[in-house]
Structures are given as C-alpha cells and as structure tokens.
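What follows is calculated from the coordinates using simple rules that are stated; it is not laboratory data. The structure displayed is predicted, hence computed values, not measured ones. Using ideal geometry, Cβ is built from the backbone for each residue, glycine included, and neighbour counts are taken over all protein chains shown.
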Amino acid sequence: MPKKLLSGNEAFAWGFRDHGGHFASAYPGTPSSEILETLGGFKEDLYAEWAPNEKAAVEAAFGASLAGARALAAMKHVGLNVAADPLFVIAYTGVNGGLVIITADDPSMHSSQNEQDNRNYAPFAKVPLLEPSEPQEAYDFVGLGLELSERYDVPVLIRSTTRLSHGKAIVNTLPERQRVPRKEIDLRWNKYVMMPLNAKRRRVDLAERLRKLKEFAERTEINKIEWGDKRVGIISSGPAYLYAKEAFPEASFLKLGITFPFPEELVKRFAKEILDAGGEIYVVEELDPFLELRVKALGIPCKGKELLPEIGELTPETVSYTHLRAHETEADLVCRLLLEK
C-alpha cells in the first residue's frame, strides 16, 4: 500500500477521499483547519467548501447526504456547540449517504477560549463516537465512520485532539480511491421531517439503532484487549492510550476505538481478568472522566481522575508519575506540571 507522511488532519482528509467521500464542508479553527485545506486540493475527486459557520457546515453536509453523497463536516470543539441543533435532529432522521462529523478538541487551550470535552455530545445526541489515537487510525476511522453511518442510518462523531490533529506519522493508504456510487436521493417526509408524529417514531427507531451499534462495539476489532502484566490493567482511548502505552509498556490494556455506545461486556471481561489476578484498574483519558464514570457505573473499582489531571493535555511523563503523586490534590498536580514545563 502507498505510504504517506501525514498529520492527523491530513489523514482525515485522505481517508475521506480514499473511502469514496463526495462532499465536505467546514468552518476554520485550530486544531481542525487543515482537514478542509487538504480536501480542497482534491478537486478532481470531490467537492469541498468553507461554510459561514459550523451549523451551516453540518447542514450542507446533511443535504449532500440526503442527495446520496458520502459527506463530512469538520470543526474545532467549540464549533460543535454552534452545530448542535442540526446534530441532534439528524440523529433522529438518520442519513442516506454516509455522514461523519469531526470535532477537534483542544486540551490545554493552545488556541481556544475553553477546554470542553466533546465526547459528551455522543450520549447527549445519541450518536456513535469514534476516537482515533494516531494518524493511521484517523485515516481508517473515517472510512469506518462512513460505513457505520450507512449501515446503522446515523451520523458518526469522530473526536480528535490537538496532538493527533497536528502530529505526523507514516500512514498506509489504499492503493487507489474507492469509487463509491452515490445513492438515489431520499426525500421520505416521514423519515426526514421531524414534526412530533414522525419524531416520536424515529426516537423509537434510534433506540434500536443504538442497540445494534452497542452490539458492534462489543465485537469490533477497534476495541481490543492487549494482555501484558495483569497487575496493572489500563483502559484508555485516543492519544491518551499512546501516552499510557509509552509509560507502562508491560501493562495490560483495553484500547477503545469506539467509546459510545460503551462496550460494557468487553469492559467487564477485561476487568474480571485483572481483578482475579489481584491487579488494579486505571482509566487514562484526557479531560473529563468520560470512560471512568462508565466503568464505575458497572461496579468496577478503578482509579482515574484522583491520579490524573482533569485539566490540560496528558503526556507520557504525566501518566508515568501518577503512582508517585496519588497523595497530591488536582490543583497541586496541575501546578507542578506547569512548573516542570
């Protein structure tokens, strides 16, 4: 397969192109801007346009999906606030052509006014969430997201972070662009017009689609167990997985690529092995305790934000120091990390 040196943002763009994408729209904002900039260079293969705002970008991509095209919308994390209105409705209506929405979070606020964790939008809007950890997965997960969108009739949210968006790595790409034919235009009013009568029916349908997606999350290869020393079991996702892997290469890992719907049975199976061996379970993630709260809701004892900061980016050093800093408050830990930088 052809190899390319790509940033995460470039990998998202190449992944969309190579997996048969037709239409892309975005509003610029670091750390997401390079996605559409790269897509704009593929003029012979697809159509890409800047939108006046993020809401318009999602609505334009949804319109392309209704017309049967594979579509993408991209924005930084705060932009999803602007696009939340159509996102919540599209979850009910479903799609025609595959639709992926990329949200680029900015831990440590390198170029942002806040530090929100947009994984929370997935259960709020009831849409599946993919979390690539490095550029190869960014490339692959766009293709997977389009496939899941069409298979389960739902928009797919993909979460990036600054380090993934701007970090570079060798990416194995497809030998050539997949030629995915556009579907016939779909204008069923009872599917796409969310008046209360239709919305009530689509809400029930959405619950069934999420049930099937949960079954997928339990068996997919992008949610995988990597057995090592069972005295330490680490549950992680996104770039945080790579930090933990570098800090504790001998540990056992549950690496999650789809984090909503949450794969409860897989987590239980991993936790049982660790706890039966007398080990401890740690959850390593950036910003909110999104995974940690779901693990604890299953009655599984684990350690997470009492050892790791809820503010700012993680690093391999941050993760490796957790066992030495368990006695520190979060404020003490953040101050120490800032001083060390």
query = Under a plain spin-label model, where a point goes 7 Å from the Cα along Cα-to-Cβ, how far apart in nm are I311 and K230?
reply = 4.0 nm
request  = Let me have the relative contact order for segment 1-127, percent, based on Cα pairs under 8 Å that are six or more residues apart.
outcome  = 24 percent
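Using 0.36 nm times the number of residues separating D205 and V89, minus their current alpha carbon distance, what extension gain do you get? Present the calculation step by step, with values, prior to reporting the outcome.
Details: separation 116, 0.36 × 116 = 41.76 nm, distance 1.33 nm.
Result for the pair: 40.4 nm of gain on full extension.
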Cα centroid of segment 165-215 to Cα centroid of segment 51-115, whole Å = 13 Å
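Counting alpha carbon pairs within less than 8 Å and at least 6 residues apart, what relative contact order, in whole percent, applies to segment 126-210?
Numbers: 63 pairs, mean separation 29.1, N = 85.
The normalised contact order for segment 126-210 reaches 34 percent.
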message = Per 0.36 nm of contour for each residue apart, how much would the distance between W50 and V193 grow if the chain were fully extended, relative to their Cα-Cα spacing?
response = 48.8 nm
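Compute the relative contact order of segment 160-280 as a whole-number percentage, counting only Cα pairs closer than 8 Å that sit 6 or more residues apart in sequence.
Details: 109 pairs, mean separation 31.2, N = 121.
Over segment 160-280, the number comes to 26 percent.
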inquiry  = As a test of the definition: which semi-axes, in Å, follow for the chain when you take the square root of five times each eigenvalue of its alpha carbon gyration tensor? Largest first, please.
reply    = 33, 22, 19
note = Loop-resident GluC sites (Glu not before Pro) in segment 39-73 with no more than 12 other Cβ atoms inside 10 Å, DSSP not H/G/I/E/B, are E44
key: Most mobile listed residue (G41, G63, G278) in the chain, GNM with C-alpha springs under 10 Å   = G278
